Amino acid sequence: MLLQQIINGFMIGCVYALTAMGGTLIYGILRILDIANAAAYVVGAYLGWVIYATTGNLAVAFFLSMALTGAIGVLIQKFIYTPILNKPNIIPIVPLITSVGIFIFTGDFIRLLVGPEIKDFGVILPFSVIKLGRIVINPEWILIIIMTAILLSLLWFVLNKTKLGLAWRATAGDSEIAETMGVNIQKVMALSYIMGYGFASAAGMMIGVLYSSIYPTMGDIPSYKMLAIIVLGGLGNPIGTIAAGLVIGLSETLISAYVGSVIPRDAIAFLVLITILLVKPTGLISRKNSI
């Protein structure tokens with residue numbers, strides 16, 4: 001049923017948007033594509049799994065997982081990316097390669113720490129299945145709707161209604177002028193990593209709850225889909241990232257449902273990316289229309 005597929009695509013698009021949002025916020029400030037943001041997706045899922053198993057409270061698991069993963073992001077920015085970016089005549093591809101190394105290291109470290117086998121998240125949600133005629137909305141989808149609405153509302157509030165958000169937008173527009181005007185670039189970068197890695201952590205937990213399983217390599221596919229979404233949304237554009245995540249989620253679901261295995265599901269993101277960029281090279285929403 002078309003409407004059911006649209007709902008399913010919208011839900012997975014929400015998760016994609018949250019996963020890529022960190023990369024967008026970081027690119028807006030540092031102008032680097034941070035693949036390690038996909039590592040936050042995996043770390044957040046495992047932290048949430050441990051915290052939920054310990055406390056039995058999903059809200060606490062989400063909050064602590066996001067906070068801890070965000071703190072890890074700040075440490076990575078301070079002790080890895082900043083020293084590299086401060087080197088004179090640094091080649092732009094070096095931070096990208098560094099982020100790939102962090103991502104690979106994280107997956108292997110988790111595998112050595114907890115084992116390579118799939119872990120059962122085993123969450124019992126307080127929602128029941130919603131049936132509207134032939135349309136079915138599972139409890140996990142309700143959780144994703146609620147969490148996505150909360151997190152994106154928080155992002156909008158921080159970027160538009162706080163001084164730190166104003167500083168982020170000024171720095172994303174022109175970091176040199178922003179710093180000249182007294183903007184604390186270090187605080188802005190910390191905000192990007194706290195929110196970016198925190199959002200990826202929440203997305204990882206959502207997927208863990210949705211499929212009731214987590215595993216060390218679960219970030220492999222999101223790592224490259226995240227890049228497609230960031231580019232498609234208009235590099236460094238939060239609104240564009242949301243739009244791109246929804247477009248790719250809907251495209252994957254509808255094409256897979258009605259075309260079948262002719263096109264591999266995980267290749268659809270790049271097919272959509274290439275098609276849209278041929279028509280609109282700046283992405284779905286240009287930077288001048290950013291938040």
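Tally up the residues in segment 28-39 that are closer than 13 Å to residue 192 by Cα and at pLDDT 90 or above, please.
The total comes to 2.
Is it true that residue 107 is in contact with a Pro (Cβ under 8 Å, 6 or more places away or on another chain) and more than 18 Å from residue 209 (Cβ to Cβ)?
Criteria met by residue 107.
Of the residues that make up segment 148-155, is at least one more than 25 Å from residue 283 (Cα to Cα) and surrounded by fewer than 16 Cβ atoms within 10 Å (Cβ to Cβ)?
Yes, segment 148-155 contains a residue that is more than 25 Å from residue 283 (Cα to Cα) and surrounded by fewer than 16 Cβ atoms within 10 Å (Cβ to Cβ).
Kindly list the number of the only condition in (1) open to solvent by 20 Å² or more (accessible area, probe 1.4 Å); (2) under 21 Å from residue 77 (Cβ atoms) that fails for residue 201.
Unmet condition: (1).
For segment 131-146, which positions are part of a strand (DSSP E or B), at pLDDT 80 or above and surrounded by fewer than 17 Cβ atoms within 10 Å (Cβ to Cβ)?
Result: 131, 135, 136.
What single numbered condition from (1) of a type in the set (Gly, Ala, Ser); (2) exposed (fewer than 14 other Cβ atoms within 10 Å of the Cβ); (3) over 18 Å from the mean Cα position of the chain (by Cα); (4) under 24 Å from residue 71 (Cβ atoms) fails to hold for residue 172?
(2)
Conditions first: (1) surrounded by fewer than 24 Cβ atoms within 10 Å (Cβ to Cβ); (2) in contact with a Lys or Arg (Cβ under 9 Å, 6 or more places away or on another chain). Residue 20 passes all but one, so which condition is the exception?
Looking at each condition in turn, residue 20 falls short on (1).
Somewhere in segment 258-269, is a residue β-branched (Val, Ile, Thr), assigned to a helix (DSSP H, G or I) and surrounded by 15 or more Cβ atoms within 10 Å (Cβ to Cβ)?
Within segment 258-269 (the criterion being β-branched (Val, Ile, Thr), assigned to a helix (DSSP H, G or I) and surrounded by 15 or more Cβ atoms within 10 Å (Cβ to Cβ)), the answer is yes, since at least one residue qualifies.
Among the residues of segment 183-197, write down those that are open to solvent by 60 Å² or more (accessible area, probe 1.4 Å) and assigned to a loop (DSSP other than H, G, I, E, B). Show your work before the answer.
Keep residues of segment 183-197 that are open to solvent by 60 Å² or more (accessible area, probe 1.4 Å), which gives 184, 186-187, 194.
Across segment 183-197, the qualifying residue is only 184.
For (1) in contact (Cβ under 8 Å) with a residue 40 or more places away in the chain; (2) on the phi < 0 side of the Ramachandran plot, each residue gets a yes or a no:
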position: 218; (1), (2): yes, yes
position: 229; (1), (2): yes, yes
position: 234; (1), (2): yes, no
position: 239; (1), (2): yes, yes
position: 243; (1), (2): yes, yes
position: 252; (1), (2): yes, yes
position: 263; (1), (2): no, yes
position: 269; (1), (2): yes, yes
position: 273; (1), (2): yes, yes
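How about segment 208-221: which of its residues are surrounded by 23 or more Cβ atoms within 10 Å (Cβ to Cβ), in a helix (DSSP H, G or I) and out of contact with any strand residue (DSSP E or B) (no Cβ under 8 Å at 6 or more places or on another chain)?
Residue satisfying the conditions is 209 alone.
Which of the residues belonging to segment 255-291 are of a type in the set (Gly, Ala, Ser), at pLDDT 80 or above and within 30 Å of residue 170 (Cβ to Cβ)?
Pass one, segment 255-291, residues of a type in the set (Gly, Ala, Ser): 256-257, 260-261, 267, 269, 283, 286, 290.
If we keep only those that are at pLDDT 80 or above too, we end up with 256-257, 267, 269, 283.
283 - this is the single residue of segment 255-291 that is of a type in the set (Gly, Ala, Ser), at pLDDT 80 or above and within 30 Å of residue 170 (Cβ to Cβ).
Which residue pairs have Cβ atoms closer than 8 Å, lie 6 or more positions apart in sequence or on different chains, and pair a first residue in segment 94-117 that is closer than 12 Å to residue 32 by Cβ with a second residue that is at pLDDT below 95 and among the polar types (S, T, N, Q)?
These pairs meet every condition: 99/37.
The values are calculated or read from the model by the stated rules, or taken from the named source; none is laboratory data. This one's a predicted model, so the numbers in the text were calculated from it and none came from an experiment. Note that we place each Cβ from the backbone using ideal geometry, even for glycine, and neighbour counts take in every protein chain shown. When the accessible area is computed, the model is the full protein with side chains, heavy atoms only, and any ligands, DNA or RNA have been set aside. Shrake-Rupley method; radii C 1.70, N 1.55, O 1.52, S 1.80 Å.
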